[in-house]
Amino acid sequence: MDLEKFHLVTRLAYQAAHYKDREAIRYWEEGQWRPMSWTVFYDKIQELSKALLHHKVGVQEKVGIFAPNSPQWTMVDMAAAHLRACAVPIYATNTADQAAYIINNAGIRILFVGEKEQYEKVVQIKEQCPGLQCVILFNETLLDKEDTFVLPLSQFLRTGQGEEYEQLLKERVAQRNMQDIYTIIYTSGTTGNPKGVLIDYENVAYQFINHDDRLAVVEGNVSLSFLPLSHVYERMWVAYVLHKGVINCYLDDTNRVAEVLKEVRPHYMCVVPRLLEKIYTKIYENVEKQSVLKRLVFATATRIAKIQLGRKKKGKKPSFLLQKAYNVADRVVFQKLKAALGGNIQMIPCGGALLEPSIGRFFRAIGVNVT
């Protein structure tokens with residue numbers, strides 16, 4: 001198998017050329033969801049790549065990202081990949097000292113920061129990080145005009161506008177290989193200093209191949225990204241949905257998940273078990289408040305769904321009557337439950353901890369594939 005065609009940079013170039021003006025991502029700005037086409041998304045990655053070349057980013061040099069989820073987060077990640085550099089994420093909620101440790105341990109010279117919380121921490125620790133030479137701020141409205149240590153993103157991008165960087169970028173992309181380190185993911189450090197885990201492009205390629213074999217992910221569908229991109233789980237999922245041509249929606253405020261589900265109506269989203277546990281508990285709390293008749297309808301519907309799920313797991317086709325009963329249960333009960341998840345949800349990858357098996361069975365029974 002030719003793994004190179006599954007290289008992340010190869011896949012991005014293909015998608016941009018193939019999809020062009022079709023929507024690649026969606027982001028929240030000024031009170032509304034805004035789309036961005038594949039052409040614009042890819043062009044912005046190229047701009048970042050050339051600006052990084054102006055700042056002499058070398059092969060396998062570590063480029064830091066200290067920010068909440070945003071399109072810019074992924075753009076920097078992919079720009080580093082184009083240069084054979086290595087993106088190193090720092091959790092947006094890390095303390096100043098934790099961030100300083102990763103910056104120094106990884107040898108980060110160039111760091112991208114997102115919002116006020118991260119900006120203030122970087123200003124606080126700059127004396128602790130002698131190797132840190134350039135800091136770029138995504139949210140330019142926060143910048144102290146007297147701060148010469150931090151560059152606004154727009155100013156940083158202007159530095160890569162020379163034609164020489166176009167050729168340098170082509171040369172660097174042509175040199176890519178599967179053994180390059182794509183990223184270093186640091187552990188949480190709860191039992192000591194964080195440890196960096198190296199992930200190369202071969203690893204990413206095999207994840208793409210294995211997911212393609214196992215998951216029915218459809219191009220043009222929508223995925224909601226709200227778990228931290230600094231965690232390998234969400235990071236690899238976003239890479240995968242871009243590989244598949246799925247529209248990725250960025251959410252940086254997890255308190256808004258419930259309302260955003262109804263706005264973007266995703267087909268997929270990565271979650272941790274705690275979220276499914278909350279939804280499950282909320283469903284049953286609401287059922288308990290209903291009349292005896294409605295509680296009976298719910299209990300009957302879920303019993304039918306679990307019988308149907310059990311037959312499917314054994315490879316047995318549901319009987320005509322069972323299928324008819326399930327269709328009624330779906331129309332009367334389950335579609336209302338799924339409406340709270342946006343109405344389109346097809347699959348929910350769940351990880352990071354153990355999910356209570358009965359909760360997983362419940363969601364699969366009502367037609368939400370929890371993997």
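The values are calculated or read from the model by the stated rules, or taken from the named source; none is laboratory data. Everything numeric here is computed off the predicted structure, so don't read it as measured data. Positions of Cβ are generated from backbone atoms using ideal geometry, with glycine treated the same way; all protein chains shown enter the neighbour counts.
Assorted remarks:
- Look at segment 25-53: where a residue is more than 18 Å from Phe156 (Cβ to Cβ) and a partner is among the basic types (Lys, Arg) and not in a loop (DSSP other than H, G, I, E, B), sitting 6+ places away or on another chain with Cβ atoms under 6 Å, you get Tyr27/Arg34; Trp33/Arg26; Pro35/Arg26.
- Test: residue in segment 88-96 that is assigned to a strand (DSSP E or B), in contact (Cβ under 8 Å) with a residue 60 or more places away in the chain and touching a Leu at 6+ places or on another chain (Cβ under 7 Å): yes
- Residue match in segment 193-206 (condition: in a loop (DSSP other than H, G, I, E, B) and crowded, with 17+ Cβ neighbours inside 10 Å): yes
- When restricted to residues that are surrounded by 18 or more Cβ atoms within 10 Å (Cβ to Cβ), out of contact with any strand residue (DSSP E or B) (no Cβ under 9 Å at 6 or more places or on another chain) and among the hydrophobic types (A, V, I, L, M, F, W, C), segment 1-20 contains 3.
- Residues in segment 317-368 that are under 17 Å from Ile283 (Cα atoms) and among the β-branched types (Val, Ile, Thr) were compared, and the one that is surrounded by the fewest Cβ atoms within 10 Å (Cβ to Cβ) is Val332.
- Qualifying residue in segment 67-75 (condition: in a strand (DSSP E or B) and either at pLDDT 95 or above or among the acidic types (Asp, Glu) (or both)): no
- The residue that is surrounded by the fewest Cβ atoms within 10 Å (Cβ to Cβ), counting only those in segment 21-50 that are among the basic types (Lys, Arg) and out of contact with any strand residue (DSSP E or B) (no Cβ under 7 Å at 6 or more places or on another chain), is Lys44.
- The residues listed here are Asp253, Asp212; of these, the one that is under 18 Å from the mean Cα position of the chain (by Cα) and farther than 15 Å from Leu8 by Cβ is Asp253.
- Arg176 touching a Lys or Arg at 6+ places or on another chain (Cβ under 7 Å), at pLDDT 95 or above and assigned to a loop (DSSP other than H, G, I, E, B): yes
- Lone unmet requirement of (1) touching a strand residue (DSSP E or B) at 6+ places or on another chain (Cβ under 9 Å); (2) surrounded by fewer than 17 Cβ atoms within 10 Å (Cβ to Cβ) for Ala258: (1)
- Against the criterion of being within 18 Å of the chain's Cα centre (by Cα), at pLDDT 95 or above and of a type in the set (Ser, Thr, Tyr), Tyr182 qualifies.
- Members of segment 340-359 that are part of a helix (DSSP H, G or I) and touching a residue at least 60 places away in the same chain (Cβ under 8 Å): Ile359
- Taking segment 316-331 as the range and being outside any loop (DSSP other than H, G, I, E, B) and of a type outside the set (Lys, Arg) as the test, the residues that pass are Phe320, Leu321, Leu322, Gln323, Ala325, Tyr326, Asn327, Val328, Ala329, Asp330.
- Residue among Leu157, Leu242 that alone is assigned by TED's automatic domain parsing to the domain that holds His55 and assigned to a helix (DSSP H, G or I): Leu157
- Candidate set: segment 41-66, residues that are in a helix (DSSP H, G or I) and within 19 Å of the chain's Cα centre (by Cα); chosen: the one farthest from Glu115 (Cα to Cα): Tyr42
- Residue among Phe334, Phe363 that is more than 21 Å from Ser225 (Cα to Cα) and in a helix (DSSP H, G or I): Phe334
- Taking the criterion of being touching a His at 6+ places or on another chain (Cβ under 6 Å) and either loosely packed, with under 14 Cβ neighbours inside 10 Å or closer than 16 Å to His267 by Cα (or both), the residues of segment 207-223 that qualify are Asn221, Val222.
- Answer from Gln72, Gln15 - the residue that is in contact (Cβ under 8 Å) with a residue 60 or more places away in the chain and closer than 28 Å to Gly189 by Cβ: Gln72
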